[in-house]
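The values are calculated or read from the model by the stated rules, or taken from the named source; none is laboratory data. As the structure is a computational prediction, the values presented were derived from the model and not from experiment. All Cβ positions, even for glycine, are placed from backbone atoms using ideal geometry, and neighbour counts span all protein chains on display. Ligands, DNA and RNA are stripped out before the accessible areas are found, and what is left, the full protein with its side chains, is counted by its heavy atoms. Shrake-Rupley method; radii C 1.70, N 1.55, O 1.52, S 1.80 Å.
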Amino acid sequence: ECWVRPWDLTRLQGVLSQEDKEADDGFALGIGQDGYVGFFLGDGVSPDDQVVHRTPPGVLKRNTWHHIVATWDGWKKRVYVDAREVGAWDFVGPLLSGPHPLRLGAMGQGGVARHFLDGDLAMPVIHGRALDAPAVRERFTQQGLQPAAGDDVLACWPLTEERGDRIADRGREGRHGRII
């Protein structure tokens, strides 16, 4: 989950990803032309057209903050925008995570960061379980002002640092990051 305010909606942009566009494994949450949200879960063998799912265009607006949540419960992938389900697709996996770096505001391609987000990103979180609709609504009503908490939070980056090149993770594993 995260909050995003896109400035441009004319091209593919990474929001939260751990994948490489030249591989068939990993996961990615991105935005694309005309304001769609794309959700990729790689199984290691299937081409993109079988494992990338896109919402209808227009679910995101330029220069507007949106809360985006992508979930997978082992059976169904879902995307919520501003606490409203805007896409759901059957997907039984498997999900192969791959060896790719985790990127906030970008995707990987050929081992390097590409497809940078042209916009603002706030409060990215990775949960260890699929949030249900009530939990998504609760996080939406918090308006990105409260870091996610609980045992199922794998990582939460409030992005409140105003100096330096390090971002702090409030999750239990301390997955701190570096701003590039």
For this session: Check TRP72 against each of (1) open to solvent by 40 Å² or more (accessible area, probe 1.4 Å); (2) farther than 20 Å from TYR36 by Cα and name the one condition it does not meet.
Result: (2)
Problem set entry | Residue that is farthest from the chain's Cα centre (by Cα), among those in segment 1-59 that are in a loop (DSSP other than H, G, I, E, B) and within 23 Å of ASP132 (Cβ to Cβ) | PRO56
Seminar exercise, completed: When (1) open to solvent by 40 Å² or more (accessible area, probe 1.4 Å); (2) under 28 Å from GLY44 (Cβ atoms); (3) of a type in the set (D, E, K, R); (4) in contact (Cβ under 8 Å) with a residue 40 or more places away in the chain are applied to ASP118, the one that fails is (2)
For this session: Quick one: count up the residues across segment 42-69 that are touching a Pro at 6+ places or on another chain (Cβ under 9 Å) and either of a type in the set (Ser, Thr, Tyr) or open to solvent by less than 50 Å² (accessible area, probe 1.4 Å) (or both).
Result: 5
Seminar exercise, completed: Of the residues in segment 49-81, those that are out of contact with any strand residue (DSSP E or B) (no Cβ under 7 Å at 6 or more places or on another chain), touching a residue at least 12 places away in the same chain (Cβ under 8 Å) and of a type in the set (D, E, K, R) come to LYS61, ASP73
Exercise. Applying the selection to segment 6-30, what residues are in contact with an Asp or Glu (Cβ under 8 Å, 6 or more places away or on another chain), open to solvent by less than 50 Å² (accessible area, probe 1.4 Å) and under 15 Å from ARG62 (Cα atoms)?
Worked result: PRO6, ASP8, LEU9, GLN13
Exercise. Pick from segment 87-115 the residues that are within 14 Å of VAL52 (Cβ to Cβ) and not in a strand (DSSP E or B): which of them is least open to solvent (accessible area, probe 1.4 Å)?
Worked result: PHE91
Exercise. From the residues in segment 153-175 that are among the basic types (Lys, Arg) and part of a loop (DSSP other than H, G, I, E, B), which one is most open to solvent (accessible area, probe 1.4 Å)?
Worked result: ARG163
Exercise. If ALA130 passes every condition in (1) of a type in the set (A, V, I, L, M, F, W, C); (2) open to solvent by less than 40 Å² (accessible area, probe 1.4 Å); (3) within 26 Å of HIS176 (Cα to Cα); (4) out of contact with any Ser or Thr (no Cβ under 6 Å at 6 or more places or on another chain) but one, which one does it miss?
Worked result: (4)
For this session: Name the one entry in ALA149, ALA133 that is aliphatic (A, V, I, L, M) and modelled with pLDDT of 95 or more.
Result: ALA133
